[in-house]
Amino acid sequence: MLQTPYYIIYEEKLIRNLTLLKKVEKEADVKIIMAFKANALWKTFPIINKYFSSSTASSLNEMQLSLEFLGNDVHAYCPVYTDKTFPEFLKGCSHITFNSLAQFYHFHPAIIEWNEANPDSKVSAGIRVNPHCSVIETDIYNPCVPGSRFGESREALVDGLPTGLDGIHFHALCESDSHDLAKVLDALKQQYGHLLKQAKWLNMGGGHLMTRKGYDIDFLIALMKNLHAVYPGLKIIMEPGSAFTWQTGDLVTEVLDVVENAGIKTAIIDASFACHMPDCLEMPYKPVIKEALPDIDNPDLRTNDSSFGVPKRYTYRLGGNSCLSGDFVGDWDFSSPLKPGDRLTLCDMNHYTTVKTNMFNGIQHPSIWLKPIEGDPILLRRFSYEDYRSRMD
Ligand SMILES: Cc1ncc(COP(=O)(O)O)c(C=O)c1O
């Protein structure tokens, strides 16, 4: 048995997602590139690389990781570039998208100079626009909320794309379906249709959760065929992150203690929501636990006992091992009481989770394992005191 806490990534599940994405890429006639923000476990890149080698980076570090471990076709989108970082982006990227025209005009001379000096590795520039179409309910993940800092306004682009801009980028989705994409595309065409006729490429950002059960892939393919028909010659790029690593890994923990206060029983586990599953608090969402009973609509049933033929449910809050009071996300029911030593598997803890962890409180960081299709799990990384120390001065 592996020592808890640990993340485990399943090669088989990863390959299932990659195969599906590859099929979509072909049938929809789009280019799919991987967004690093959802997954940067570079030791799994040899698996990904057999299917996809292009990526989108939102920082120099992400770009570097791609160049070193994934492939050298890197598209960049950063909310802002600086005079210091931009020359590095020019060296490492094939496409660079700007968040504002002001940034584009500032860096345009550098792009011209680069492209003249490097005719074999020219950089294509794009501008992010904001379709102002909100299909996401959680504001923290909605780039189209009024006042959003993302994307140039329609007013600034009424006269078309300035010379030097080849592409248009939008990102307006989050864990969305293709029907949401259709709504955003309608809004985009209404506001920026004149640019689509002019542009060489359209990057439709991320948030396309094609690997989620129930995602309407046929509708996506039809939508893309229609887009190609209306705008022939427009190359379409999608940069999902979550879809690559959706449901490909879990976090396995152990109950260390059970405490009770005001009738609430909390099982304290050897991991933390704040440190090791931060999206649970940020989104917020309550993860599925493999060993728990399925959620019920009527919580009163929890108090029933087996004398009425309803199996008793034992309810516990799960608490993280950090000192943050709010390091918990909800209650789960179990078929028997929890006790120290019980293992609990928090499901779907790869995309955005492994990249967003932190070392608050200095608590033990979960190790990372890869379960290959055949054979025993392989240790990718174990964290130690040196990792904690090296992040500080
Ligand atoms: C510009 C951009 N592209 C791509 C993505 C990836 O989105 P997702 O992981 O939801 O597919 C994001 C996520 O925030 C993003 O901001």
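Things worth noting here:
- Going from the fewest other Cβ atoms within 10 Å to the most, the residues D387, D342, D120, D250 appear in the order D120, D387, D342, D250.
- For the chain: relative contact order, % (alpha-carbon pairs under 8 angstrom, 6 or more apart): 19
- Set against the 2.2 N^0.38 Å expectation for a compact globular protein, the range 301-393 has a Cα radius of gyration ratio of 1.48.
- Loop chymotrypsin sites (Phe, Trp or Tyr not before Pro), the range 304-393, which have at most 16 other Cβ atoms in a 10 Å radius of their Cβ (DSSP): F383
- Per-residue Karplus couplings for the range 251-260, computed as 6.51 cos²θ - 1.76 cosθ + 1.60 with θ equal to phi - 60°, are listed in order as 10, 9, 10, 10, 6, 9, 7, 10, 10, 9 Hz, Gly and Pro entered as x.
- Residues of type lysines that K22 reaches as a straight line, Cα spacing below 16 Å, ignoring anything fewer than 8 places off in the same chain: K13, K31, K50
- Here is the list for the range 327-393: trypsin sites (Lys or Arg not before Pro) lying in DSSP coil, each with at most 15 other C-beta atoms within 10 angstrom of its C-beta, are R382, R391.
- From phi via Karplus (6.51, -1.76, 1.60), per-residue ³J(HN,Hα) for the range 89-103 in Hz, x at Gly/Pro: 4, 4, 5, x, 10, 9, 10, 10, 9, 9, 8, 9, 5, 4, 5
- Backbone HN-Hα couplings from phi across the range 182-190 [Karplus 6.51/-1.76/1.60, Hz, Gly and Pro as x]: 4, 4, 5, 5, 4, 5, 5, 4, 4
- DSSP-loop GluC sites (Glu not before Pro) across the range 129-192, with at most 10 other Cβ within 10 angstrom: E137
- Dipole magnitude for the chain: computed about the Cα centre from +1 point charges on Lys and Arg Cβ and -1 point charges on Asp and Glu Cβ, it is near 520 debye.
- Put simply, the amide H of L344, placed in the peptide plane, has neighbours under 5 Å in T253, E254, V255, leaving out anything fewer than 5 places away on its chain.
- Remark on K371: its backbone amide H falls under 5 Å from those of I9, Y10, E11, I378, a criterion applied only to residues 5 or more positions apart or on other chains, H modelled at 1.01 Å from N.
- Unit charges at the beta carbon, dipole of the chain: most positive-side option, A182, P46, S384: P46
- Amide H contacts under 5 Å for M34, placed H, 5+ residues apart: S54, S55, T56
- Among Y352, W332, H95 the positive-end extreme of the charge dipole of the chain (Cβ point charges): H95
- The chain: most fluctuating residue of G330, G147, G341 per GNM, C-alpha cutoff 10 Å: G147
- Cα long-axis angle, helix 11-28 against the chain (0 to 90 degrees, to the nearest 10): 30
- Normalising the average separation of contacting C-alpha pairs (under 8 angstrom, six or more residues apart) by the number of residues puts the relative contact order of the range 11-245 at 22 percent.
- Of the beta bridges in the chain, as assigned by DSSP with both residues counted there, near 40 percent are antiparallel.
- Prolate/oblate/rounded label for the range 168-207 (Cα gyration tensor, a/c 1.5): oblate
Rule-based calculations on the coordinates, nothing more; no lab input. Please read these numbers as outputs of a predicted model, since none were measured by experiment. Because the Cβ atoms are built from the backbone with ideal geometry, glycine has one as well, and the counts that use them run over all protein chains shown.
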